[in-house]
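One structure is given here, and the rest of the page talks about it.
We did not get these values from a lab; they are worked out from the coordinates using the rules stated. Just so it is clear, the structure is predicted and the values come from calculations on it, not from any experiment. Backbone-built Cβ (ideal geometry, glycine too); neighbour counts: all protein chains shown.
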Amino acid sequence: MQKPTSVPEAAKGGFPHFMLKEIYEQPAALRRLLAGCLEPAPEEHNVRLREFGLRAAMVRKLSRITNAASGSSRHAGMAGEFMIERMAGIDVETDFASQYCYRDPLVAPNELIILISQSGTTADTLAALQVARKKKATTLAICNVPDTPLTRQADATLLTHAGEEVAIAATKSFVTQLAALLVFAVYLAQQRKKKSAATAKAVGELHRLPEHVERALETASRCRELAQVFQRYEDFIYAGRDIDYPIAMEGALKLKEVSYLHSEGYPTGELKHGPTALINEQLPIVALATHDGRDKESTTRYKKTVANIAEFVARRIPVLAVVSEGDRQVGKLTPHLVEVPDVPVLLQPIVEVVPLQFLAYYIAVLRGRDVDRPRNLSKSVTVE
């Protein structure tokens, strides 16, 4: 007699774990987010944020933005710095929500504090919100859940529409936070009449973002192969330049959370300022080496990263590289390669994090971890 399927097993939709299911749900989550933010005609290239609560006149007067968040949400905020500064020309800083609570921050006139949280109940982030309110700052919540203490108390809300996320490690909630910040950056640029090549490129590809992530999901089998190779190591360094640095941090965090392996994320340019003393044949480097060949600055950064990879390989250090589709240089240096869709620089974080999610997942499975319920962690940190 066939054993009846339990409700939790049925909810996994045939996937062995919720984490894997939620990685595959990312294109659908992005479509839900973008459906409420983009004009229907791609050629219009316009973002609409009609009900999120900030008046257009206030947006045009913004002098500064501070992102306050914890964990994966903070990494999203760090990537959002690059998006907003390059598109809208506004100074942005990202702080740990737990630090913002205590340091008596200086709040500038017309400053916006963005509080980023998947659950809307994160204790540190709520405490940061209270500090921002006392300082008379305008507050914006970027959140996945509509009716929470965070969304009720903030002046404005931008929902990410990721849907329920059961696995503790953030995947689709993180990707939709990145997309929400990108959409907000475009909106700011439009309201403030800022025009740039970076904005034009990013906006031109926004409608295709779910499609790009679907193609990134095709890296699953390659990441499974690489996990077989790299699961024997106990320590990892993740490295990325520019907007890729927060994604290196996020990739390292994912591996820590679900596999219990020691991993750290660094800006690639910082490795020679100390961390290379640690590097040896038993400490692999996961290098984010994507680039936009149509962007001069991106190409310059890429060339530096290729040179770094060549140095690591010369020292017999294992290197796993995430590169843009059609890359012709990095494959000559290391066989451990994952290709993601070739997209404009400001969209790269959203596609390159997908193989890092897969890598963490498959290594954790190979090492027999409880992928959905890692030890000592909870979905929402409600106590400081």
Checking rank on 252-265, 347-360, with mean other Cβ inside 10 Å and highest first, the result is 347-360, 252-265
Under 28 Å from the Cα of Lys136, which lysines turn up, not counting those fewer than eight places away in the same chain? Lys61, Lys193, Lys194
Check which residues have an amide H placed less than 5 Å from Thr138's amide H, if you skip close sequence neighbours. Glu111, Ile113
Express in nm, to one decimal, how much length is gained between Arg152 and Arg315 on full extension, taking 0.36 nm for each residue of separation and deducting their alpha carbon distance. 53.3 nm
1/(1 + (r/R0)^6) with r = Cβ-Cβ of Lys134 and Ser378, R0 = 22 Å, i.e. FRET efficiency to nearest 0.05, evaluates to 0.20
Contour minus end-to-end for Gln228 and Arg31, with contour as 0.36 nm per residue of separation and end-to-end as the Cα-Cα distance? 67.7 nm
From the helices alone, meaning DSSP H stretches of at least four residues, give me the mean residue ellipticity at 222 nm for the chain, per-run term -39500 (n - 2.57), in deg cm²/dmol to the nearest 500. -13500 deg cm²/dmol
Report Rg (one decimal) and Dmax (nearest whole number) for the range 216-366, counting Cα atoms only, units Å. 13.8, 41
Taking the Cα centre of the chain as origin, work out the dipole magnitude from +1 charges on Lys and Arg Cβ and -1 charges on Asp and Glu Cβ, in debye rounded to 20. 520
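In a shell of Cβ-Cβ distance under 12 Å around Phe312, excluding Phe312 itself, what net charge do Lys and Arg (+1) and Asp and Glu (-1) give?
+1
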For Ala56 and Ala11, compute 0.36 nm times the residue count separating them, minus their Cα-Cα distance, and round to one decimal in nm. 12.0 nm
Close Lys-Lys pairs in the range 216-366, where close means Cα under 23 Å and separation is 8 or more or interchain: 7
Of (i) 61, 55, 45; (ii) 96, 55, 44; (iii) 69, 47, 47, which is the value of Cα extents along the principal axes in Å derived from the coordinates here? (i)
Using mean Cβ contacts within 10 Å as the protection proxy, how do 125-133, 270-278, 13-21 order, highest first? 125-133, 13-21, 270-278
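Quick check: net charge around Arg31, other residues with Cβ under 12 Å of its Cβ, Lys/Arg +1 and Asp/Glu -1?
Every neighbour counted, the sum reads 0.
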Once phi is turned into ³J(HN,Hα) by the Karplus curve 6.51 cos²θ - 1.76 cosθ + 1.60 with θ = phi - 60°, what whole-Hz value does each residue of the range 227-233 show in order, with x for glycine and proline? 4, 4, 6, 9, 5, 7, 7
